[in-house]
Structures are given as structure tokens and as C-alpha cells.
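Only the coordinates and a few stated rules stand behind these numbers; no lab work does. In this text, all values refer to a predicted model and were calculated from it rather than measured experimentally. Cβ placement follows ideal geometry from the backbone for every residue including glycine, while neighbour counts extend to all protein chains displayed.
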Amino acid sequence: MMIQIRPDRFLQDLHTLRQFGAAGVGKGVVRPAYSDPDIAAREWLAERYADAGLKTRFDPVGSVWGLAKGQSLLIGSHSDSQPEGGWLDGALGVVCGLEIARAAMEAGGPAVSAVSFQDEEGRFGVTTGSRVWSGATDLKSADRLTDTQGLSFADARARMRHLAGDFVDYKRFTGFLEAHIEQGPWLYEAGEAVGVVTDIVGIRDMRITFEGEQNHAGTTPMHRRRDPLQAMARFQVLIAERFRNVVTPQTVWTTGHVDVHPGAHSIVPGRCTFSMQWRDGETERLKKMEEIIRDTAGEVAEDGGFSVSTSDLVGIEPVPMDARMQAALGDAAEDVAPGRWRRMQSGALHDAASVARLMPVAMLFVPSINGISHAFAEDTREEDLVTGLQVMAQAVERMSVA
Ligand code: GLV
Ligand code: MN
Ligand code: MN
Ligand code: MN
């Protein structure tokens with residue numbers, strides 16, 4: 001049995017998927033979890049799965065599945081995007097899953113199922129759909145998560161209630177494969193075609209709130225102010241200094257969202273809430289950074305007369321990829337793109353990290369032009385997209401004969 005993938009059909013589907021929420025310059029996409037374009041894209045995907053002869057299912061959180069009969073390999077990723085995102089983050093892995101499952105069906109085997117997980121991008125706390133499915137978090141706790149506007153996960157997923165069926169039994173799958181753009185510069189700069197992922201770094205994500213005293217911006221002398229935005233600024237400078245002896249060049253931390261209340265030019269703000277996220281390949285380092293963050297927030301609050309509170313969104317440990325599946329991807333990469341691939345760590349989080357709780361998982365990367373992602377400018381050369389698909393399809397064949 002030989003799977004005959006069709007690159008033309010694969011690229012066509014990728015471009016069609018991009019039309020849901022197409023925005024911005026270039027190939028930008030705005031398709032956050034549970035938005036109208038996200039739900040419409042998932043309904044379109046369900047139709048593609050059905051056309052391919054797969055049984056379709058939406059689960060209670062809105063992940064959409066195309067199920068092959070009996071035991072099968074599972075391939076997929078996510079089709080929600082960042083609030084400003086590109087056309088490939090998640091979409092590539094989803095359409096790869098669709099094309100390989102479809103081609104495998106046409107070839108009469110091996111059995112391949114496909115999935116697009118919901119809310120990978122963390123409107124409610126990163127990889128929420130796959131975390132709930134894998135049991136990393138339970139549905140009740142997930143339902144209490146809120147987005148930056150205060151909307152709850154429970155209310156968001158209710159938007160897909162009319163489609164929802166049961167959770168899919170994970171025991172029907174023998175393993176999970178996810179193709180993804182690298183989202184960093186390494187493959188592109190080296191002129192390589194494929195990355196075989198060795199492990200996914202761990203991540204911690206929380207919100208911190210400093211509360212001070214809201215007052216008039218013209219009449220309140222500087223020495224009497226308790227401005228929580230200033231507390232946030234001081235906190236940022238201090239943690240950068242204190243991290244210096246703890247981090248490696250691979251360690252990253254980010255404040256990507258700040259809410260200053262009430263947010264007016266002539267008001268000294270009363271409250272500042274901001275995101276604090278950090279990532280590293282080692283649990284010990286993640287813990288050490290957390291200590292620094294909590295101690296520093298407490299110290300800044302005490303020094304300046306602020307109150308401080310924190311809410312934890314996610315803590316995800318570093319996850320190694322399955323050795324046998326990595327080897328199949330590596331052998332396929334060497335065959336399709338000899339000498340033009342490497343093994344590498346993933347600095348981005350992926351659904352594969354959740355699914356690894358349930359079954360062997362592995363991931364394949366293709367280059368991102370200029371290393372850009374989570375931005376409208378995200379892109380990958382067409383031939384690299386196709387090479388990734390070919391490597392994945394060949395790896396599926398290798399795994400099913402082994
Ligand atoms: C998810 O896309 C992440 O790694 O931030
Ligand atoms: Mn992604
Ligand atoms: Mn992403
Ligand atoms: Mn991601």
C-alpha cells in the first residue's frame with residue numbers, strides 16, 4: 001500500500017482555510033478560538049473529513065475530529081489563531097492531517113484519523129482543547145478560565161453546543177503526529193527543509209495585578225501617587241536583573257498583555273493587570289523563575305504600598321518526543337531531503353505536549369521565513385510546505401510497516 005499524497009489539493013485546502021478570518025497584510029489571519037470564523041472553519045473541516053470518508057465528530061470543547069475505523073494513527077494540530085496571526089500556525093498541521101488521512105483512505109490503508117484541537121493559542125490558557133481531552137485539566141476547572149476580556153471558557157464553548165458530541169476515546173489511537181511551522185529562525189537561516197522535534201519546552205503562564213490608588217493626573221503630586229503601572233515597570237526591570245544568573249540563552253519570558261484600569265490619559269490608574277509567561281526546557285529553572293517572580297512582585301507591592309494578587313493559568317512541564325516516531329521522521333527526512341534536516345527543540349508549545357500524556361507523539365517542523373510567527377507576516381515557501389507533507393506521509397508508512 002502506497003499513500004499517494006496530492007500536494008496541489010493540500011495547498012488548495014490550506015489557502016481555502018486561510019479565507020476564514022483572512023485579515024491584515026499578506027496572508028494574515030484573525031481566527032481566535034470560538035470566533036465566527038473559527039467555528040465556520042471547523043464546520044468546513046468537518047465537511048472535508050466527511051468527504052474523505054472519515055466519521056466526523058465535534059467534542060464538548062469544539063475540537064473537530066475525522067475518525068478512521070478501528071485502531072489508527074492520529075494526525076493534526078489546531079485551526080484557531082492568535083488575535084493577530086498567520087495562515088500556517090496550526091493550519092499546516094491540520095491540513096497535513098486531512099491530506100494524509102484522505103490519501104490513506106484512498107489507498108485502502110493504513111488507518112489515519114485527523115483532528116483540529118480547539119483553543120491551542122490560549123485565548124483561555126494555551127492548548128486548552130487538547131489539555132481537556134488528555135485529562136491534563138478537567139472540564140470543570142477549564143470552564144472557569146477567562147479570556148483577557150473576562151469571558152469564561154464555559155460561555156465561549158457554549159457557542160458550539162449545537163455541534164457538540166462526546167469526547168473521543170483515546171484508546172482508538174496508536175500515536176499522534178503533528179506538523180508545524182518552526183516559528184523561529186533556525187531552519188530558515190541554515191537553508192534546511194525539516195526539523196524533527198526532540199522535546200517541547202515547559203511553560204508557565206499567569207496574570208499579576210497590582211492595585212494602587214486611582215486619582216487625578218493633573219492634581220496628584222508625584223510623591224503621593226500609588227500608580228500600579230509604575231509598580232509593573234519596576235517589577236519588569238527587577239526580574240530581568242534577577243533572572244540573569246538563572247537563565248540560559250534558550251530561556252524566554254514575556255509580558256504580552258497589559259490592562260491599565262481605567263485606561264484614560266488624565267487618570268492615574270488604580271489597577272494594572274498583566275500577563276507573565278516564561279518558558280524553558282528544564283522544570284527546575286521554571287520553578288526558580290517562579291520564585292523570583294513571586295518574591296519580586298511581593299517586594300514591589302510592599303515597598304510601594306500596593307496590593308498584589310496573582311492567578312495561575314497554566315503550568316506545563318517539558319515533554320520529550322517518542323524515540324521510535326522521531327526515528328521514523330528522521331529516516332523519512334533523510335530520504336526526502338538528504339542532509340537538509342536537523343533534530344531540534346520546540347520553544348513553542350503544541351497540542352502534542354498534551355497528547356503525550358496518552359500515547360507516543362512526535363512532531364515535524366518546516367522553516368518559517370525570517371523566523372516570524374504570531375504575526376501577519378508569517379509565511380513558509382511552498383516547496384518547504386510540500387516537503388514537510390512528503391516527510392510526514394513517508395514517516396506514516398514507515399511506522400505502519402514497522
Ligand atoms: C502557542 O502557540 C504558543 O506556543 O504560544
Ligand atoms: Mn500552533
Ligand atoms: Mn501559535
Ligand atoms: Mn502553539
Along segment 242-251, Karplus-curve 3J(HN,Hα) (6.51, -1.76, 1.60; θ = phi - 60°) to the nearest Hz, with x for Gly and Pro, reads 6, 5, 3, 8, 10, 8, 10, x, 8, 6
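Would you kindly state how much longer the chain becomes between R244 and A327 on full extension, computed as 0.36 nm times their sequence separation minus their alpha carbon distance, in nm to one decimal?
Full extension from R244 to A327 adds 26.3 nm.
Quote to one decimal, in nm, the extra length available between E290 and F167 on full extension: 0.36 nm per residue of separation minus the C-alpha distance between them.
Length gained between E290 and F167: 40.9 nm.
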Highest-fluctuation residue, G109, G129, G85 considered, GNM on the chain with Cα pairs under 10 Å | G109
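Going by C-beta contacts inside 10 Å, put K288, K55, K140 in order with the fewest on the left.
Details: K288 17, K55 12, K140 8.
So the residues, fewest neighbours to most, are K140, K55, K288.
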With N residues in the chain, Rg(alpha-carbon) / (2.2 N^0.38 Å) equals 1.04
Output the peptides 359-365, 289-295, 256-262 sorted from most to least packed, where packing is the average of other Cβ atoms within 10 Å over each peptide's residues.
-> 359-365, 289-295, 256-262
What is the gain in length, in nm to one decimal, between E299 and K140 on full extension, counting 0.36 nm per residue of separation less the C-alpha to C-alpha distance?
-> 53.9 nm
Order of Y188, Y34, Y49 - criterion: other Cβ atoms within 10 Å of each residue's Cβ, fewest first | Y188, Y34, Y49
Any lysines with Cα under 20 Å of the K171 Cα? List them, leaving off those in the same chain fewer than 8 positions away.
-> K55, K69
Given 309-317, 202-210, the highest-first ranking by average Cβ count within 10 Å works out to 202-210, 309-317
For segment 23-38 and segment 209-249, write down the distance between their C-alpha centroids in whole Å.
-> 34 Å
To the nearest 20 debye, what charge dipole does the chain have about its Cα centre, counting +1 at the Cβ of each Lys and Arg and -1 at the Cβ of each Asp and Glu?
-> 500 debye
Which of these, A297, A233, A179, has the largest mean-square fluctuation under a Gaussian network model of the chain (Cα springs below 10 Å)?
-> A233
Could you check which residue among V355, V112, V25 shows the biggest mean-square fluctuation in a GNM of the chain with a 10 Å Cα cutoff?
-> V25
